[in-house]
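In what follows, a single structure is set out as structure tokens and then discussed.
The values are calculated or read from the model by the stated rules, or taken from the named source; none is laboratory data. None of these values were measured; they are calculated from a predicted model. Neighbour counts are summed over all protein chains in view; Cβ atoms, including those assigned to glycine, are modelled from backbone coordinates with ideal geometry. Heads up: the accessible areas ignore ligands, DNA and RNA and are worked out on the full protein's heavy atoms, side chains in. Shrake-Rupley method; radii C 1.70, N 1.55, O 1.52, S 1.80 Å.
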Amino acid sequence: MRVAVVSDIHGNLHALEAVLPAVDAAGVDEVWCLGDTVGYGPRPNECCARVRERAALCLAGNHDLVVLGAIPVDDFSGDASAAALWTQTVLSPEAREFLEPLVPAAKRPGVELFHGSPRDPVWDYVLSEQVGCWSLRATDAPVVLVGHSHVALGLRDLGDDGVAGGLAPAGTELDLACGRWLLNPGSVGQPRDGDPRAAWLLLDLDAQRASFRRVEYDVAATQAEMRTARLPESLALRLAHGE
Ligand code: ZN
């Protein structure tokens, strides 16, 4: 089975609409979304509608849960909080109905999926080798998929020797047959690894291959929508730099 893994779309419809044709061109059986479909960005309802149409599986992320009111907004700092409060005011009944039943963790044969990590599916950030190591120890799944950090990552379990690998820039190809892996596809709608292009991961579970992909999108169009919505300017500016 070939799967397109997307995460952290964050209401950025132009980024999502650039990724979906690339996913179609790659010929996948399913799309899996690791959460944070809303929050930060200007088009939460349209992003929920696209994900609902296209994804066979979708997790809840911390932003989705805050927007739904399932987590208090005080858990967020300034810009994230302002954007979550704005999203609450525009969220459609259909988008709410889509988001409400979602949970932050799931399993598929040979794969476990988390928004954050196996240690804390909602909040834990896997951004260091140590946390990657702890995360791999917390499960025995051959492939562990995580989102949340907005940084594309591929870490291989080396047992007592910790982990190997790290950042997974565009074009990174991994052989999953050689061990257990923790993979983060990066973020569709707000990348933070220095590459502003929308990120996604092609996972071929039969061939045991992972391929990290990036797609250019119209950053200026999303920024213009954010300014019209009066979302925090710093959130618009960071999209241009991918940080
Ligand atoms: Zn996120």
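So that you can scan it fast, the table gives a plain yes or no per residue for (1) closer than 24 Å to Glu233 by Cα; (2) in a helix (DSSP H, G or I):
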{"site": "Val28", "(1), (2)": "no, no"}
{"site": "Val31", "(1), (2)": "no, no"}
{"site": "Val38", "(1), (2)": "yes, no"}
{"site": "Cys48", "(1), (2)": "yes, yes"}
{"site": "Val51", "(1), (2)": "no, yes"}
{"site": "Asp64", "(1), (2)": "yes, yes"}
{"site": "Ile71", "(1), (2)": "no, no"}
>> I'd like the full set of residues that are among the aliphatic types (A, V, I, L, M) and under 22 Å from Cys48 (Cβ atoms), limited to the range 170-202.
In response: Val188, Ala198, Ala199, Leu201
> Going by the structure shown, is Gln208 on the phi > 0 side of the Ramachandran plot and of a type in the set (S, T, N, Q)?
Replying inline: yes
>> Here's a check for you: in the range 81-135, which residue that is at pLDDT below 95 and among the aliphatic types (A, V, I, L, M) is most open to solvent (accessible area, probe 1.4 Å)?
In response: Leu127
>> Considering only residues that are assigned to a helix (DSSP H, G or I), hydroxyl-bearing (Ser, Thr, Tyr) and within 17 Å of Gln190 (Cα to Cα), which ones fall in the range 74-109?
In response: Ser81, Thr87
>> Residues that are out of contact with any Asp or Glu (no Cβ under 6 Å at 6 or more places or on another chain) and within 16 Å of the ligand (Cβ to nearest atom): list the strands (runs of 3 or more DSSP E) wholly contained in the range 125-243 that include at least 1 such residues.
In response: 143-146, 153-157, 181-184, 198-204
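Condition check ((1) within 16 Å of the ligand (Cβ to nearest atom); (2) of a type in the set (A, V, I, L, M, F, W, C)) across all residues:
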position: Cys33; (1), (2): yes, yes
position: Gly41; (1), (2): yes, no
position: Cys47; (1), (2): yes, yes
position: Arg50; (1), (2): no, no
position: Glu53; (1), (2): no, no
position: Asn62; (1), (2): yes, no
position: Val66; (1), (2): yes, yes
position: Asp74; (1), (2): no, no
position: Ala82; (1), (2): yes, yes
